[in-house]
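Shown next, in structure tokens, is the structure this report addresses.
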């Protein structure tokens, strides 16, 4: 099992290292060839729940058109809070959170890919953000102290983990009592054909690793969370259907739906 998990992580890391360098999924340009086909990054961002204002205020190179939904929308992020972004990539959601928490707040991004960490740090330095930091590490073994985080966010990343139960356990550990998670992730709603879910590209492309509604709910409850809510995002199928080209009769949105996952760590 350990070797299989390591193989998945290495495959995902190779994929996103290439992405950070401008190959594969994304180039960082306004018009690019991404995981989702040829797409305008601002059009794509708005399609998954970001406002044009949020997108236009991002540092150049932070938006890689990799997400499946805005985890911060309606999250009620308050000035002075500490936010943790799991799988922070180029820093897109971390930068949006930084604007919300302000100078008195703090944002921590964690990503396992060195190239993504370098890109996010470069973006933060060039944009003059001082209330944020990016740490290299696994989201199954977070380099974050216990009970220090107000809000854990993530965007289309937890599905990439070979040990999702551990991810939610770690999120629970680092949250303060009363803290909560707001995670956008693909959720499997039907079994996919083997031809689609097989292979490294399908896993790295946020397809093969999607867990079911019941599996995610069980992970959260077993980790200790309360107030679990897993709700579909409107019109996510239109975005998800563009992730792979399987012919006119195949629609990925029949099998995978972008959902917003929320849950609270109980007060002591």
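The values are calculated or read from the model by the stated rules, or taken from the named source; none is laboratory data. All of these numbers come straight from a predicted model, not from anything done at the bench. Backbone-built Cβ (ideal geometry, glycine too); neighbour counts: all protein chains shown.
Restricted to the stretch 210-229, and to residues that are closer than 11 Å to residue 189 by Cα and in contact with a helix residue (DSSP H, G or I) (Cβ under 6 Å, 6 or more places away or on another chain), which residue is surrounded by the most Cβ atoms within 10 Å (Cβ to Cβ)? Per the stated criteria, the residue is 210.
Go through the stretch 97-115 residue by residue and tally those that are out of contact with any strand residue (DSSP E or B) (no Cβ under 9 Å at 6 or more places or on another chain) and either closer than 18 Å to residue 49 by Cα or part of a helix (DSSP H, G or I) (or both).
Of the residues in that region, 2 qualify.
Let's see how each residue does on (1) touching a strand residue (DSSP E or B) at 6+ places or on another chain (Cβ under 9 Å); (2) farther than 23 Å from residue 259 by Cβ; (3) modelled with pLDDT of 85 or more; (4) surrounded by 24 or more Cβ atoms within 10 Å (Cβ to Cβ):
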position	(1), (2), (3), (4)
60	no, yes, no, no
64	yes, no, no, yes
82	yes, yes, yes, no
88	yes, no, yes, yes
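Residues 143, 59, 162: which one is in contact with a helix residue (DSSP H, G or I) (Cβ under 6 Å, 6 or more places away or on another chain) and closer than 30 Å to residue 266 by Cβ? Steps first, answer last, please.
On the way: 143 fails: in contact with a helix residue (DSSP H, G or I) (Cβ under 6 Å, 6 or more places away or on another chain); 59 fails: closer than 30 Å to residue 266 by Cβ.
The match here is 162.
Taken together, 108, 149 contain a single residue that is touching a helix residue (DSSP H, G or I) at 6+ places or on another chain (Cβ under 6 Å), crowded, with 19+ Cβ neighbours inside 10 Å and within 25 Å of residue 173 (Cβ to Cβ), which is 149. Scanning the stretch 116-140 for residues that are part of a strand (DSSP E or B) and over 16 Å from the mean Cα position of the chain (by Cα), we see that the one that is surrounded by the fewest Cβ atoms within 10 Å (Cβ to Cβ) is 133.
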